[in-house]
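Enquirer: Dumping the structure here so I can ask a few things about it.
The values are calculated or read from the model by the stated rules, or taken from the named source; none is laboratory data. Here the structure is a predicted model, which is why all the values come from computation and not from measurement. Heads up, the Cβs are rebuilt from the backbone with ideal geometry, glycines too, and the neighbour counts pull from every protein chain shown. Calculation scope for accessible area: heavy atoms of the full protein, side chains included, ligands and nucleic acids excluded. Shrake-Rupley method; radii C 1.70, N 1.55, O 1.52, S 1.80 Å.
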Amino acid sequence: YPECVAAEIRTPRGMSSSRFARAAFPEESFAHGMRDGRSMPQEFPSFFASGGLFSNAPDMAAFLAMLLNGGRHPGGQLLSRASLREMARDQTRHQPIRIPEAEDGYGLGWDGVRHPAFSAFGIPVWHKNGGTNTYKSEVFVAPRHGLALFLSGSDPGWNSRKAVEEIMLCALVERGILGMMPPPVRPGATRAAHRSRGAKTVEGIYGAYDRLLRITRQPEGGYAMWNFEAGSWHGTGGTFALRAGNVLLDPMQPEQSFVLRRLGGIETLV
């Protein structure tokens with residue numbers, strides 16, 4: 001696989017700084033991961049095809065420019081238009097079982113092809129997370145508007161997705177595609193929007209694609225959320241409130257929200 005990527009993508013696109021971790025990298029040729037203020041040793045991820053390529057901003061810019069140019073680069077056609085169309089097609093539409101957390105549909109090689117925040121404005125955005133245990137990275141592409149963004153950091157605790165969403169929104173406003181920035185949801189600023197539907201409709205155990213979640217009512221009000229790990233339930237922290245539209249939201253961390261929906265006869269958390 002690394003040889004194929006080198007021959008078919010890296011070399012034609014001039015991505016000389018991109019590589020797979022098949023041997024130790026020379027010092028100062030890569031950014032060490034940081035954890036609790038300490039520099040971490042080089043990471044060797046083995047999942048090459050889903051996120052194991054080490055790259056930098058210039059190389060990724062060259063790759064994304066090729067995508068925005070219909071699969072073409074100065075040396076010729078790298079990806080066919082049929083492949084690009086397949087990238088943008090929701091691959092989940094004909095599945096008998098659809099993953100609730102992939103409701104925006106995953107494309108060919110993309111985690112999603114209609115990011116919900118941008119879809120609200122009629123702007124299709126493809127997105128792909130390239131995070132590992134050491135790094136956080138995101139790629140966002142708005143193909144109809146010729147915009148692409150790559151962002152990477154070496155602190156696994158950094159919220160790269162929130163940052164790339166805000167930068168993409170700013171770019172859309174600067175180009176006049178959006179009239180103004182949507183107002184942020186400020187921590188602690190949201191109050192109960194409607195009367196609670198009652199504990200019986202919210203409390204319970206829910207399935208996600210990689211875990212079980214349990215919701216319980218707090219004695220002081222609101223709801224707690226629990227993960228099932230190693231044979232027991234562990235609290236995720238925070239108190240969730242039920243908002244309009246069946247949204248469970250942690251007011252102190254607004255990006256942590258879930259929607260209660262009934263899919264295929266099963267109550268799910270999306």
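Enquirer: Could you list, in sequence order, the residues of segment 37-93 that are of a type in the set (Ser, Thr, Tyr), assigned to a loop (DSSP other than H, G, I, E, B) and within 23 Å of residue 151 (Cβ to Cβ)? I'd like the intermediate steps shown before the answer.
Expert: Step one: list which residues in segment 37-93 are of a type in the set (Ser, Thr, Tyr), which gives 39, 46, 50, 55, 80, 83, 92.
When the remaining residues are screened for being assigned to a loop (DSSP other than H, G, I, E, B), the result is 46, 55, 80, 92.
Of everything in segment 37-93, just one residue is of a type in the set (Ser, Thr, Tyr), assigned to a loop (DSSP other than H, G, I, E, B) and within 23 Å of residue 151 (Cβ to Cβ), namely 55.
Enquirer: Continuing with the same structure: Which one of the conditions (1) of a type in the set (Asp, Glu); (2) at pLDDT 90 or above; (3) more than 20 Å from residue 47 (Cβ to Cβ) does residue 138 fail to meet, given that it meets all the rest?
Expert: (3)
Enquirer: Another one. Within segment 220-246, can you find the residues that are in a loop (DSSP other than H, G, I, E, B) and open to solvent by less than 50 Å² (accessible area, probe 1.4 Å)?
Expert: Scanning segment 220-246 gives 221, 222, 237, 238, 246.
Enquirer: If I filter segment 63-71 for residues that are buried (at least 19 other Cβ atoms within 10 Å of the Cβ), in contact with a Gly (Cβ under 9 Å, 6 or more places away or on another chain) and not acidic (Asp, Glu), do I get at least one hit?
Expert: Scanning segment 63-71, I find no residue that is buried (at least 19 other Cβ atoms within 10 Å of the Cβ), in contact with a Gly (Cβ under 9 Å, 6 or more places away or on another chain) and not acidic (Asp, Glu), so the answer is no.
Enquirer: Could I ask something else about it? Could you count how many residues in segment 27-62 are out of contact with any helix residue (DSSP H, G or I) (no Cβ under 6 Å at 6 or more places or on another chain) and touching a residue at least 24 places away in the same chain (Cβ under 8 Å)? Write out each step before concluding.
Expert: Within segment 27-62, the first condition is being out of contact with any helix residue (DSSP H, G or I) (no Cβ under 6 Å at 6 or more places or on another chain), and the residues that meet it are 27-61.
From what is left, the residues that are touching a residue at least 24 places away in the same chain (Cβ under 8 Å) are 30-35, 40, 43, 45, 48-49, 51-61.
Result for segment 27-62: 22.
Enquirer: Please determine, by comparing only the residues of segment 133-170 that are surrounded by fewer than 18 Cβ atoms within 10 Å (Cβ to Cβ) and of a type in the set (S, T, N, Q), which one is farthest from the chain's Cα centre (by Cα).
Expert: So, considering only residues that are surrounded by fewer than 18 Cβ atoms within 10 Å (Cβ to Cβ) and of a type in the set (S, T, N, Q), the one farthest from the chain's Cα centre (by Cα) is 133.
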